[in-house]
1. Restricting attention to segment 76-122, report how many residues are among the β-branched types (Val, Ile, Thr), farther than 17 Å from Ala161 by Cα and touching a helix residue (DSSP H, G or I) at 6+ places or on another chain (Cβ under 6 Å).
2. In segment 69-94, which residues are of a type in the set (Lys, Arg) and either more than 20 Å from Ile13 (Cα to Cα) or in contact with a His (Cβ under 9 Å, 6 or more places away or on another chain) (or both)?
3. For segment 63-80, which positions are hydrophobic (A, V, I, L, M, F, W, C) and touching a strand residue (DSSP E or B) at 6+ places or on another chain (Cβ under 8 Å)?
4. Within segment 1-29, how many residues turn out to be farther than 24 Å from Ser222 by Cβ and assigned to a loop (DSSP other than H, G, I, E, B)?
5. Hey, Asn283 hits all of (1) out of contact with any strand residue (DSSP E or B) (no Cβ under 8 Å at 6 or more places or on another chain); (2) modelled with pLDDT under 95; (3) more than 24 Å from Phe12 (Cα to Cα); (4) assigned to a loop (DSSP other than H, G, I, E, B) but one; which does it fall short on?
6. Suppose we keep only residues that are surrounded by fewer than 19 Cβ atoms within 10 Å (Cβ to Cβ) and outside any helix (DSSP H, G or I) within segment 202-231. Which one would you say is modelled with the lowest pLDDT?
7. So which residues in segment 81-94 are within 19 Å of Val45 (Cα to Cα) and either in contact with a strand residue (DSSP E or B) (Cβ under 6 Å, 6 or more places away or on another chain) or among the charged types (D, E, K, R) (or both), if there are any at all?
8. Got a sec? Which of Leu146, Leu174, Leu160, Leu179 is farther than 29 Å from Trp214 by Cβ and either touching a strand residue (DSSP E or B) at 6+ places or on another chain (Cβ under 6 Å) or among the aliphatic types (A, V, I, L, M) (or both)?
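The values are calculated or read from the model by the stated rules, or taken from the named source; none is laboratory data. Values in this document were obtained by computation on a predicted structure and should not be read as measured data. Neighbour counts are summed over all protein chains in view; Cβ atoms, including those assigned to glycine, are modelled from backbone coordinates with ideal geometry.
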Amino acid sequence: MLPIDLKGKKAFIAGIGDDQGYGWGIAKALAEAGAEIIVGTWPPVLKIFTTGLSTGKFDQSRKLNNGKLLEFAKIYPLDAAFDKPEDVPEEIKENKRYKEHNGYTISEVAQAVKTEFGNIDIFVHSLANGPEAAKPLLETSRKGYLAASSASAYSFVSLLAHFGPFMNAGGATLSLTYLAAEKAIPGYGGGLNGAKAALESDTRILAWEAGRKWGIRVNTISAGPLGSRAAKAIGFIEKVIAYSYANAPIVKELKATEVGYAAAFLLSPLASAITGTCLYVDNGLHVMGLAADSKSLNGEANE
């Protein structure tokens, strides 16, 4: 037996706000392996998330293989669009969804984690946001494009820059990307495709820099489509899931736990020689160069 053993390891996961997404699946897998889980959650959904946890709304999803429930050592408010307090616009500070929270910028959260937990071993970036995601790229504004890149790509760079100094040597980081970083996915708009492409490129250079500077590994997982709350905000997730089911080599629904298990491997000592890599966990869809359900294969294409 070759177990993934993360007992005694501390993991910070940025981007969990419910029990549906890949961040949740990764948290469960790491907890199953014995890691202590610390979470950063977007301030506007923090109260809803913590209320759901306290009222038992997520209890079924929280069940681990040993019968215990997934526990979080602490949940911090985190808005990864801001590096330090002075970056936060006044209208955000005064927004009712933010006023009840303090210390939600990247530098403040990193310092709080360091003070309360000391060194950590694992950092997971499960964040993406594009305010104009429903718009085609040609209709995306500069502001919307830059916002998508800031929240979905640069946030990983900044978080690693702030958490890296107190990560133990031999530790590992992980982000989540998507096939739109390298292939045209109509409907995945607002500049999110470019943000994911930047994230994948940054993974390679950060593997070099963080590896040499702190002795930690940097990888990313290109995950297939999942019908999470965040994905549904884009507006066409059901069609993308149906396309994957019809065309991927493995014909089945992709589950968050499958991404979680792959993440647990990459973040464990079993993957100690793997860094700068993009691992596809998408039922093999990324290998396809032709849609198996294309009408043209049946002679139905327009001539």
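1. Of the residues in segment 76-122, 1 are among the β-branched types (Val, Ile, Thr), farther than 17 Å from Ala161 by Cα and touching a helix residue (DSSP H, G or I) at 6+ places or on another chain (Cβ under 6 Å).
2. Of everything in segment 69-94, just one residue is of a type in the set (Lys, Arg) and either more than 20 Å from Ile13 (Cα to Cα) or in contact with a His (Cβ under 9 Å, 6 or more places away or on another chain) (or both), namely Lys93.
3. Taking segment 63-80 and keeping what is hydrophobic (A, V, I, L, M, F, W, C), we get 64, 69-70, 72-73, 75, 78, 80.
Leu69, Leu70, Phe72, Ala73, Ile75, Leu78, Ala80, listed by residue number.
4. 7
5. (2)
6. Gly227
7. Glu91, Lys93, Glu94
8. Step by step, each of Leu146, Leu174, Leu160, Leu179 is checked, and only Leu179 is farther than 29 Å from Trp214 by Cβ and either touching a strand residue (DSSP E or B) at 6+ places or on another chain (Cβ under 6 Å) or among the aliphatic types (A, V, I, L, M) (or both).
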